[in-house]
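Right, one structure below, let's go through it.
The values are calculated or read from the model by the stated rules, or taken from the named source; none is laboratory data. Keep in mind it's a predicted model, so treat the numbers as computed, not measured. All Cβ positions, glycine included, derive from the backbone under ideal geometry; neighbour counts span all protein chains shown. For the accessible areas, the whole protein counts, side chains as well, though only heavy atoms, and no ligand, DNA or RNA atoms are used. Shrake-Rupley method; radii C 1.70, N 1.55, O 1.52, S 1.80 Å.
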Amino acid sequence: MSAASSGPGLPTYAQLQQRPDDVRGTAWGLFGWDDQLGSLNHLTAARVVAAARLVTAGHRVNLNLSLSAFSEPLIAHRGNPVHEVFGLNEFHRDDRMDNFYPQASTQIDSLRHFAHPDRGFYNGADPADIVAGKEPLGIQHVAASGIAGRGVLLDVSGYRKFCGRPVDHRTNEQIGVEDLVATARWQNVVLEPGDILLLRFGWTEHFVVDANPYEGRSVGLEQSEEMAAWLWDSQFALVAADNVALEAWPSDHSGLPTVQAEASGALPHSSHTGMLHRILIPLLGIYIGELWDLEELSQRCRDIGRFEFLVTAEPLNLLGGVGSPANALAIL
């Protein structure tokens, strides 16, 4: 599927709030009512060509953690895969996997991952179609298009250490727009439409490299309309981070507009209450990634003094998939 138009003609986040009632606050229809790519429409051919010119040294950096990186699941229902290697004879080997959860490690979420309780799925997709084997909003659309573009790393952890207020990974601190903009300024990076934004909070360093115990709290993006507006107005193609949920976890229940279904009691409050996911994915069509391994990349970027590079990602071509391993690579 080719990308729809992308650029300055799109309304700002503030202008989205002035749209007609049935689409108010959403990006629905802006890329066409049959659109399946959302923010990936920003990856125009010209931007991909420009990103390819960033490859000067040929360094290839893996951005994926192992599929079984965590001895205990980070999310209770997402266990580790069971990998079996077998042979039909002594000169042959094959393998199979059971208990495979595509979002248990480094991942990309499709646009069917979340619906907004009051508004529904992206572009008004019918919930009856959000099942296995049906096409709407499935990860196979991303696989068919592929992801390639200018990646930009914002080393938020490095910036905060430089400022003398390091990230405290014992908390679920909400990182606001001010820190992201300041990190870009500190790195002398200019963010551009179509960027694949990678956010290093230092989560992987703390919990994977240093093997500190994870107790269910993660620093991440602030749950606020200011954050949603900044991400939409910046026209990022994809936003990914090295933490559990991109946003702070558990979520704060006060920073985003009230969900009427919860306020009325029609829908009980849950761990999803107050999540930025509910705005970014179903209302704005922004693709997100979680648990990306940014440690080697951050070191490479510091070594060369450049925080932009080519990024590619190719999720599984799984019809109706809700998410997928990212299969992401940075090339410098």
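List of remarks:
- Normalising the average separation of contacting C-alpha pairs (under 8 angstrom, six or more residues apart) by the number of residues puts the relative contact order of the chain at 29 percent.
- Packing order of peptides 62-70, 319-327, highest average first: 319-327, 62-70 (average count of other Cβ atoms within 10 Å over each peptide's residues).
- Of the residues E90, E192, ranked by 1.4 Å probe accessible area with the largest first, the sequence reads E90, E192.
- Inter-centroid distance (Cα atoms) of region 22-87 relative to region 183-223, Å: 16
- Cα centre as origin, Lys/Arg/Asp/Glu Cβ charges: the chain dipole, Debye: 660
- Measure of compaction for region 134-240 (Cα Rg per 2.2 N^0.38 Å): 1.20
- Values of log10 I(q)/I(0) for region 83-201 across q = 0.11, 0.12, 0.20, 0.23 Å⁻¹ run -0.68, -0.78, -1.14, -1.24, by the Debye formula with one identical scatterer at each alpha carbon and no solvent.
- Accessible surface of the chain, 1.4 Å probe, proportion on carbon and sulfur as whole %: 52
- Max-minus-min Cα coordinates of region 183-332 on each principal axis give 54, 38, 37 Å, with the largest extent listed first.
- If you take all other residues with their beta carbon under 9 Å from the beta carbon of E295, and give Lys and Arg +1 and Asp and Glu -1, the sum is -3.
- Length-normalised contact order for region 146-227 - Cα pairs under 8 Å, 6+ apart - percent: 46
- Here the spin labels are modelled as points 7 Å beyond Cα on the Cα-Cβ line, and at Y101 and A14 they lie 4.2 nm apart.
- For the chain, the solvent-accessible area works out to 44 Å² per residue, with a probe of 1.4 Å and every protein chain left in place.
- Ellipsoid equivalent to the chain - semi-axes via the Cα gyration tensor, in Å: 28, 25, 22
- Packing here is the average count of other Cβ atoms within 10 Å per residue, and on that basis the peptides 110-116, 177-183, 306-312, highest first, run 110-116, 306-312, 177-183.
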